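Can you keep this structure in mind? I'll have questions shortly.
The values are calculated or read from the model by the stated rules, or taken from the named source; none is laboratory data. The model shown is predicted, which means the values in this text are computed figures rather than measured ones. Note: ideal-geometry Cβ built from the backbone for every residue, glycine included; neighbour counts use all protein chains shown. In case anyone asks, the SASA skips ligands and DNA or RNA and just uses the protein heavy atoms, side chains included. Shrake-Rupley method; radii C 1.70, N 1.55, O 1.52, S 1.80 Å.
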Amino acid sequence: ILNVEQSPQSLHVQEGDSTNFTCSFPSSNFYALHWYRWETAKSPEALFVMTLNGDEKKKGRISATLNTKEGYSYLYIKGSQPEDSATYLCAFLDSNYQLIWGAGTKLIIKP
Amino acid sequence: GAVVSQHPSWVICKSGTSVKIECRSLDFQATTMFWYRQFPKQSLMLMATSNEGSKATYEQGVEKDKFLINHASLTLSTLTVTSAHPEDSSFYICSAPRGRGHRQPQHFGDGTRLSIL
């Protein structure tokens with residue numbers, strides 16, 4: 001059974017602080033890892049598609065790293081702002097092109 | 001702007017009614033679309049893969065006669081919840097990859113909240 005786990009389930013962070021959270025996925029049959037941001041009352045929006053072990057991607061204050069050998073990816077947010085409040089989802093794409101979703105990390109930024 | 005449109009966004013109806021949800025790709029062609037369901041406080045659960053011009057592929061445990069999927073054109077997939085009952089109440093959302101290749105990120109509709117009385 002393929003399992004994708006995200007931790008923590010929820011996170012409260014003071015505005016201005018930096019934070020990070022984890023997506024764990026199977027270390028075999030890796031094809032790609034997706035990160036999405038899902039804000040309340042909006043649809044999920046793609047942040048990153050990561051494909052290579054050791055990859056690091058950045059979009060503004062948000063960055064992500066990938067370790068396919070050990071099966072994890074970290075998402076980092078530097079200097080959190082209220083607009084970063086959202087649920088962050090990761091999805092593992094295996095070599096059979098099956099996309100498996102994590103349960104998400106709900107991030108709340110406290111002003 | 002939105003690249004995938006989903007309609008309706010909210011449906012409340014009586015038990016036994018069939019409900020059709022539409023998912024449209026707005027400025028690209030989508031040979032494949034995905035339908036998900038989200039239970040409260042849980043993640044997205046893939047229900048089925050909608051394939052243009054052929055039968056949908058359903059995930060294990062999803063009743064194909066209950067959740068009818070039609071992908072009649074390159075820009076439209078529909079999900080019909082037939083004879084809906086209160087246990088079918090949920091949040092349903094569709095997505096489509098824009099561009100070729102399985103690594104393409106998904107573009108999502110805004111979702112449909114279905115409440116069966």
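B:A96 - would you say it is assigned to a strand (DSSP E or B), in contact with a Gly (Cβ under 9 Å, 6 or more places away or on another chain) and surrounded by 15 or more Cβ atoms within 10 Å (Cβ to Cβ)?
yes
List every residue pair whose Cβ atoms sit under 9 Å apart, with the two residues 6 or more apart in sequence or on different chains, where the first one lies in segment B:100-117 and is facing another protein chain (nearest Cβ under 8 Å) and within 18 Å of B:L76 (Cα to Cα) and the second, anywhere, is in a loop (DSSP other than H, G, I, E, B) and among the aromatic types (F, W, Y).
B:H107/B:F28
Any residue that is on the phi < 0 side of the Ramachandran plot, in contact with a strand residue (DSSP E or B) (Cβ under 7 Å, 6 or more places away or on another chain), away from every other protein chain (no Cβ under 11 Å) and surrounded by 14 or more Cβ atoms within 10 Å (Cβ to Cβ) - is there at least one of those in segment A:42-50?
no
Right, next: Residue check, B:A72 against (1) in contact with a strand residue (DSSP E or B) (Cβ under 6 Å, 6 or more places away or on another chain); (2) without any contact (Cβ under 8 Å) to a residue 24 or more places away in the chain; (3) of a type in the set (A, V, I, L, M); (4) over 28 Å from A:N29 (Cβ atoms), all met but one. Which one?
(1)
Additional query: Name the residues in segment B:40-69 that are aromatic (F, W, Y) and touching a residue at least 24 places away in the same chain (Cβ under 8 Å), would you?
B:F67
Name the single residue that is most open to solvent (accessible area, probe 1.4 Å) among those in segment B:13-37 being of a type in the set (F, W, Y) and within 13 Å of chain A (Cβ to nearest Cβ).
Among residues in segment B:13-37 that are of a type in the set (F, W, Y) and within 13 Å of chain A (Cβ to nearest Cβ), the one most open to solvent (accessible area, probe 1.4 Å) is B:F34.
Those residues that are surrounded by 14 or more Cβ atoms within 10 Å (Cβ to Cβ), within 14 Å of chain B (Cβ to nearest Cβ) and of a type in the set (A, V, I, L, M), I need them from segment A:51-64; list them, please.
A:A64
Just checking: which of the strands (runs of 3 or more DSSP E) contained wholly in segment B:38-88 hold 1 or more residues that are farther than 30 Å from A:P8 by Cβ and either within 14 Å of another protein chain (Cβ to nearest Cβ) or more than 13 Å from the chain's Cα centre (by Cα) (or both)?
B:44-51, B:67-73
Restricting to strands (runs of 3 or more DSSP E) lying wholly in segment A:70-111: which have 1 or more residues that are within 14 Å of chain B (Cβ to nearest Cβ)?
Details: elements: A:72-77, A:86-94, A:99-101, A:105-110.
Filter on segment A:70-111 gives A:86-94, A:99-101, A:105-110.
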